[in-house]
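What follows is one structure encoded as C-alpha cells, with my remarks underneath.
All of the numbers you see were taken from the coordinates with simple rules; none came from a lab. Worth saying up front: this structure is predicted, and the values here are computed from it rather than measured. Neighbour counts run over all protein chains shown; Cβ positions are idealised from the backbone, glycine included.
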C-alpha cells in the first residue's frame with residue numbers, strides 16, 4: 001500500500017514541471033496573437049462609432065455637455081449655444097387676418113358724402129273729373145240665398161183665368177195653394193223639368209231622402225212633383241214646401257239658377273221608361289198655370305228647359321232621361 005502511494009507521488013512530482021513548461025510555452029506563443037486581436041477589436045469598435053455619429057460631426061469628436069451661458073451685464077455678450085446638428089426646416093406661418101376692430105384702425109374711413117338737398121316737391125294741380133255720359137241702368141244681380149226671397153220688386157198678383165177655364169189635373173185646392181204663395185215679381189225666369197230616376201215615389205218620399213240622406217236643410221229639392229200612379233195618383237200634382245215658402249230650389253247644380261228656376265219632377269226612370277200620358281198632360285197644365293202666376297219678364301214668359309239642357313257643362317247629366325219627349329216639350333213651350 002505504501003509502495004503505491006509513493007509511486008503516485010513520484011508521478012505527480014515528475015508531471016508538475018512539465019505542465020509549468022507547457023503553460024510557459026503556450027503563454028509565450030499566444031501573447032502576440034492576443035495583441036493583434038485586441039487591436040482589431042478596437043478598430044472595429046471605432047468604425048462602428050463613426051457610423052453612428054451624424055455626418056457634420058467628426059468621428060473622433062464625442063458630444064459633450066452643453067456649456068451654460070455666463071451671466072453678463074449686456075445681452076449682446078451672451079454666447080449662443082453651439083448647435084451640433086442642422087435645425088429642422090420651419091414652415092412659415094400664415095399671417096392672421098386683422099380683426100374687425102384692427103381693420104378699422106388700419107383702414108381709414110372714407111369721409112361721409114355731403115347729402116344733396118332734396119328737390120322741392122311739386123304739388124300736381126287738382127284733377128277735375130270729366131263728366132261721363134249716363135249709362136243705361138242695369139238691373140241689380142239676383143242675390144243667392146238658401147231661403148227667403150227678394151221683395152224689392154213687390155209681389156206678383158194671382159192669375160186672372162176666366163171662370164170657364166177647365167183644369168183636369170190642377171184641382172181647386174192645388175190652384176189655391178199656388179195662388180196663395182207670395183210670388184215676387186221678376187224672379188222666376190226658368191221652369192226646369194226633371195225625372196226622379198226611380199220607378200216609384202212621391203213628394204213625401206223624396207222629401208225624406210233629400211232631408212235625411214242628402215242632408216239638404218230645406219228637404220224636397222223640387223217645387224212640384226207629378227206622380228205616375230205608383231205612390232201617388234197618375235198625373236197627380238203635389239206642391240212642395242219650397243214653392244209655399246218661395247225659397248230657392250236644390251234641383252240644379254248652380255246656386256244662381258236654383259234661385260231663379262222652378263223645379264218640376266216627374267216620377268219615373270225615363271232612361272228605361274217613358275212618362276205616362278197623364279203625367280205629360282198634368283205637366284202641360286202646370287207649366288201654363290205657373291207661367292201666368294209668375295208673370296212675364298221683359299215681355300217674355302218663363303223659359304222651359306229640361307234639366308240636361310240647362311245644367312252647367314262642368315256637371316253634365318242625362319236627366320230627365322233618353323226616353324223623355326224633348327221635341328214635345330219644345331213644341332209646346334218655345335213661344
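Table for the structure above
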{"read-out": "Alpha-carbon centroid distance for the pair segment 270-306 / segment 239-262, whole angstrom", "value": "15"}
{"read-out": "Residue order, fewest to most beta carbons within 10 Å, for 243, 167", "value": "167, 243"}
{"read-out": "Likely footprinting exposure, 230, 173, 196, fewest C-beta neighbours within 10 Å first", "value": "173, 230, 196"}
{"read-out": "Ranked list, fewest to most other Cβ atoms within 10 Å of each Cβ, for 199, 293, 41", "value": "41, 199, 293"}
{"read-out": "Coordinate range along principal axes, alpha carbons of segment 186-333, Å, largest first", "value": "40, 35, 31"}
{"read-out": "Inter-label distance, nm, simple model (7 Å from Cα along the C-beta direction), residue 177/residue 2", "value": "18.1"}
{"read-out": "FRET efficiency, 1/(1 + (r/R0)^6) with R0 30 Å, evaluated for residue 309 and residue 241 via beta carbons", "value": "0.70"}
{"read-out": "Extension gain (nm, one decimal) between residue 323 and residue 230, 0.36 nm per residue minus Cα-Cα", "value": "31.6 nm"}
